[in-house]
1. Probe of 1.4 angstrom, ligands and nucleic acids ignored: what's the accessible area per residue over the stretch 19-128, in square angstrom?
2. Which length gain, in nm to one decimal place, applies between residue 34 and residue 184 when the Cα-Cα distance is subtracted from 0.36 nm times their residue separation?
3. Write out the trypsin sites (Lys or Arg not before Pro) in the stretch 43-92 meeting two conditions: DSSP loop, and at most 11 other Cβ atoms within 10 Å of their Cβ.
4. Sort 196, 67 from largest to smallest accessible area, using a 1.4 Å probe on the heavy atoms of the protein chains.
5. Considering only the other residues whose Cβ falls under 14 Å of the Cβ of residue 89, what net charge follows from Lys and Arg at +1 and Asp and Glu at -1?
6. If I take R0 = 22 Å and measure r between the Cβ atoms of residue 130 and residue 98 in this structure, what FRET efficiency does the formula 1/(1 + (r/R0)^6) give, to the nearest 0.05?
7. Starting with the highest mean, order 158-164, 109-115 by the number of other Cβ atoms within 10 Å, averaged over the residues of each peptide.
8. Would you mind checking the pairs 136/217; 136/174; 27/146; 80/146 and listing those with alpha carbons more than 29 angstrom apart?
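The values are calculated or read from the model by the stated rules, or taken from the named source; none is laboratory data. Please read all numbers here as calculations on a predicted model, not as lab measurements. Here the Cβ is made from the backbone with ideal geometry for all residues, glycine too, and neighbour counts use every protein chain on show. These accessible areas exclude ligands, DNA and RNA; they are computed on the full protein's heavy atoms, side chains included. Shrake-Rupley method; radii C 1.70, N 1.55, O 1.52, S 1.80 Å.
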Amino acid sequence: MQAPALLLLFLLFPAKVVAAELREFPKDIWGGVKEEVQPEGLLTLLAAGAGASIARFGSRTYFDDFHLADTLQKRQPLGKRATDFGAVIGYPVYLLPVLGATHFAGSYFDADSAQEFGLLGFESLSLAGAQTLILKYSVRRLRPDKTDRAAFPSGHASASFALATVAASKWGWKVGVPACILASFVGFSRMENGSHYLSDVFFGAGLGIVSGRAAYKVRRQAHPDRYAFTPFVSPGGGGVAIFF
């Protein structure tokens, strides 16, 4: 969380409440990491990796990285306003303080649903963000617009799909479907503005899904629910798994 947002939380909410949440945070994140390396999480990442590899190393089709990037740069189907909007709403640096504030505000006003979503969203974004940064600085792939070497994977896609997964798991597909559509819009906008290739977005989406599912499942181990929804990706498409 950014320092100004953290300071704001200490000013608005009792220090003991904030400190207690921060003490539990590393434990929850470590639990999420352990959940991610379970067979389902690994298979989802493998499917995302396979899809990204097809886009990166496949033959020249409409959906390979470089051809699609060239096409989007020429046609600009969304337009600059839409891509700028996607850049803002999917930016983890903006989302993390908002989710942290949502959690503590939910606690303050006894809004359990907002409190839980803020916590789950913050943890899933932190989990996805840490792994995304590690990969970015390890792979160092040049962006399509050649601004820097931080293309793979897309942090906007991992953050957006992590939140979409949490929303789908918590509220079902009445909320999950619009959330996944919005996350897809964010990913597409990042390709159109030249920040990412298809493979960057595809793997970022898979990483976000795994992180969102892990954060939700770790939370549900302490607070069981009747069922949970989890979207998944595969080279040929995707779907939804229901856990009882």
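1. I get 57 Å² per residue for the stretch 19-128.
2. Numbers: separation 150, 0.36 × 150 = 54.00 nm, distance 2.70 nm.
Additional length available on full extension: 51.3 nm.
3. 60
4. Details: 196 5, 67 45 Å².
If we order 196, 67 from most to least accessible, we get 67, 196.
5. On the way: positive: 81, 190; negative: 84.
With Lys, Arg at +1 and Asp, Glu at -1, the neighbours total +1.
6. Values: r = 18 Å, r/R0 = 0.84.
After rounding to 0.05, the efficiency reads 0.75.
7. Working: 158-164: 31.7, 109-115: 12.3.
Order by mean packing, descending: 158-164, 109-115.
8. On the way: 136/217 26 Å; 136/174 33 Å; 27/146 38 Å; 80/146 18 Å.
From the list (136/217; 136/174; 27/146; 80/146), the Cα-Cα distance tops 29 Å for 136/174; 27/146.
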